[in-house]
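What follows is a set of notes on a single structure, which appears directly below.
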């Protein structure tokens with residue numbers, strides 16, 4: 001007599017294995033020679049304190065002169081281009097994973113800022129932008145009269 005063991009989660013485990021297989025096949029395909037996608041999106045961290053906003057963007061391989069920063073009506077935009085490296089046509093590339101192209105990231109700043117005091121620094125592929133809040137947007141202590 002064959003006993004069949006009841007496995008209440010057996011169907012779910014099978015479904016999970018099937019889904020893992022689909023995603024693994026999709027993401028592990030060998031890409032064609034060339035960028036995996038058009039352009040790229042750099043990672044940006046945004047911090048806020050009482051004095052203003054600090055944005056830190058990773059821009060590896062981007063020349064400082066290829067980055068532009070603008071601030072219009074509380075919208076800070078960082079745009080630029082990561083240019084392709086020179087390739088030798090006689091080389092037989094088996095895989096190319098680095099991405100190149102234009103990028104643009106915009107961030108809505110929640111408080112009024114002072115556009116005349118914005119500072120930016122670019123060092124070792126890291127762009128740091130400090131946007132100070134306008135005086136009227138900074139928190140202040142209010143004295144209580146007796």
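The values are calculated or read from the model by the stated rules, or taken from the named source; none is laboratory data. What you see is a predicted model, and the numbers here were worked out from it, not measured in a lab. Cβ placement follows ideal geometry from the backbone for every residue including glycine, while neighbour counts extend to all protein chains displayed.
Out of the residues in region 115-146 that are in contact with a strand residue (DSSP E or B) (Cβ under 8 Å, 6 or more places away or on another chain), part of a loop (DSSP other than H, G, I, E, B) and touching a residue at least 24 places away in the same chain (Cβ under 8 Å), state the one that is surrounded by the most Cβ atoms within 10 Å (Cβ to Cβ). Explain how you work it out, then say what you get.
Of region 115-146, the ones in contact with a strand residue (DSSP E or B) (Cβ under 8 Å, 6 or more places away or on another chain) are 115, 117-122, 125-134, 137.
Subset that is part of a loop (DSSP other than H, G, I, E, B): 118, 125, 134.
Pick out the ones that are also touching a residue at least 24 places away in the same chain (Cβ under 8 Å) and you get 118, 125.
Numbers: 118: 17, 125: 13.
Residue satisfying both the conditions and the ranking: 118.
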Exercise. Under 6 Å by Cβ, and 6 or more places apart or on different chains, what pairs join a residue from region 99-114 that is under 15 Å from residue 47 (Cα atoms) with one that is loosely packed, with under 13 Cβ neighbours inside 10 Å and at pLDDT 85 or above?
Worked result: 106/75; 108/75
For this session: Test residue 61 against the stated conditions and say whether it is closer than 17 Å to residue 46 by Cβ and outside any strand (DSSP E or B).
Result: no
